[in-house]
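To start, the structure under review is shown below, and the notes come after it.
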Amino acid sequence: ININSDEMLEKMSDIVWAINPGNDSFEKVINRLRTYAKNSAETMGIQLHFKPGKDLERYRLDMQTKSNVYLICKEAINNAIKYSGCHNLSFVLQHVDHRLSIGVIDDGKGFDTLRDFDGNGLKNMMSRAQEINADLRLNSEKNKGTSVSLFLNFT
């Protein structure tokens with residue numbers, strides 16, 4: 001009950017944060033993800049490498065995009081920390097022209113991406129990416145880690 005209550009409170013906090021119009025800049029999304037990744041990685045002894053892009057404050061996101069980007073990245077971070085057995089976790093942001101790339105990369109055990117999964121995490125990430133017309137790519141190789149890359153187009 002305690003674990004479920006904690007998860008419910010965290011989800012409620014994410015919802016309240018996401019609908020706050022004061023949090024509409026991409027920079028605020030990234031700062032919240034950085035805090036989440038740092039806190040989660042530290043408790044597991046994982047080294048976090050955060051490589052933010054420049055000029056993030058210039059990007060404004062609508063509520064749907066902001067929420068989906070946040071939840072996709074949070075799920076990717078959570079999966080890496082929970083399942084990969086990694087020692088290092090990188091969060092990399094890059095933008096070229098009007099395309100923004102967000103990468104969550106671990107040096108963990110990797111997995112077979114063609115295998116069916118019982119959970120909903122990866123399915124939800126794909127669905128969220130599709131909802132905001134983003135491209136989500138998953139690459140993993142046994143004993144070589146996993147990378148989740150989200151590509152967003154900005155005008």
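The values are calculated or read from the model by the stated rules, or taken from the named source; none is laboratory data. Being a predicted model, the structure only gives us computed values, none of them experimental. Methodologically, a virtual Cβ is constructed for each residue, glycine included, from the backbone with ideal geometry; neighbour enumeration extends over all protein chains shown. Only protein heavy atoms, including side chains, enter the accessible area calculation; ligands, DNA and RNA are left aside. Shrake-Rupley method; radii C 1.70, N 1.55, O 1.52, S 1.80 Å.
Name every residue in region 123-138 that is open to solvent by less than 70 Å² (accessible area, probe 1.4 Å) and in contact (Cβ under 8 Å) with a residue 40 or more places away in the chain, in order of residue number.
Here is the first cut: in region 123-138, the residues open to solvent by less than 70 Å² (accessible area, probe 1.4 Å) are 125, 127, 129, 132, 134-136, 138.
Once the filter is applied, which keeps residues that are open to solvent by less than 70 Å² (accessible area, probe 1.4 Å) and in contact (Cβ under 8 Å) with a residue 40 or more places away in the chain, region 123-138 yields 125, 129, 132, 134, 136.
Scan region 23-53 for residues that are among the aromatic types (Phe, Trp, Tyr) and open to solvent by less than 40 Å² (accessible area, probe 1.4 Å) and jot them down.
26
Filter region 44-84 down to residues that are over 21 Å from residue 119 (Cβ atoms) and of a type in the set (Ser, Thr, Tyr), then give me how many there are. Working first, answer last.
Taking region 44-84 as the starting set, the residues that turn out to be over 21 Å from residue 119 (Cβ atoms) are 45, 47-66.
Okay, now just the ones that are also of a type in the set (Ser, Thr, Tyr), so 59, 65.
The total comes to 2.
Name the single residue, out of those in region 62-83 being out of contact with any Asp or Glu (no Cβ under 7 Å at 6 or more places or on another chain) and among the small types (Gly, Ala, Ser), that is farthest from residue 125 (Cα to Cα).
67
Please go through region 54-100 and give me each residue that is modelled with pLDDT under 90, within 23 Å of residue 145 (Cα to Cα) and open to solvent by 20 Å² or more (accessible area, probe 1.4 Å), ordered by number.
Selection gives 94 alone.
Working carefully through the options 151, 91, find the one that is of a type outside the set (A, V, I, L, M) and touching an Asp or Glu at 6+ places or on another chain (Cβ under 9 Å).
Working: 91 fails: touching an Asp or Glu at 6+ places or on another chain (Cβ under 9 Å).
Answer to the check: 151.
Determine the pairs where a residue that is closer than 11 Å to residue 50 by Cβ, located within region 91-108, has a partner that is part of a loop (DSSP other than H, G, I, E, B) with Cβ atoms under 7 Å apart, the partner being 6 or more residues away or on another chain.
Within 7 Å, the pairs are 93/52; 93/53.
Taking the condition open to solvent by less than 40 Å² (accessible area, probe 1.4 Å), farther than 16 Å from residue 41 by Cα and not hydrophobic (A, V, I, L, M, F, W, C), does residue 108 pass? Break it down stepwise before answering.
On the way: open to solvent by less than 40 Å² (accessible area, probe 1.4 Å): yes; farther than 16 Å from residue 41 by Cα: no; not hydrophobic (A, V, I, L, M, F, W, C): yes.
Against the criterion (open to solvent by less than 40 Å² (accessible area, probe 1.4 Å), farther than 16 Å from residue 41 by Cα and not hydrophobic (A, V, I, L, M, F, W, C)), residue 108 does not qualify.
Mind listing whichever residues of region 139-155 are in a strand (DSSP E or B) and charged (D, E, K, R)?
141
For region 38-54, how many residues are charged (D, E, K, R), part of a helix (DSSP H, G or I) and touching a strand residue (DSSP E or B) at 6+ places or on another chain (Cβ under 6 Å)?
Start the filter on region 38-54 by keeping residues that are charged (D, E, K, R), which leaves 38, 42, 51, 54.
Now restrict to residues that are part of a helix (DSSP H, G or I): 38, 42.
The next check asks that each one be touching a strand residue (DSSP E or B) at 6+ places or on another chain (Cβ under 6 Å); those that pass are 38.
Total satisfying the criteria: 1.
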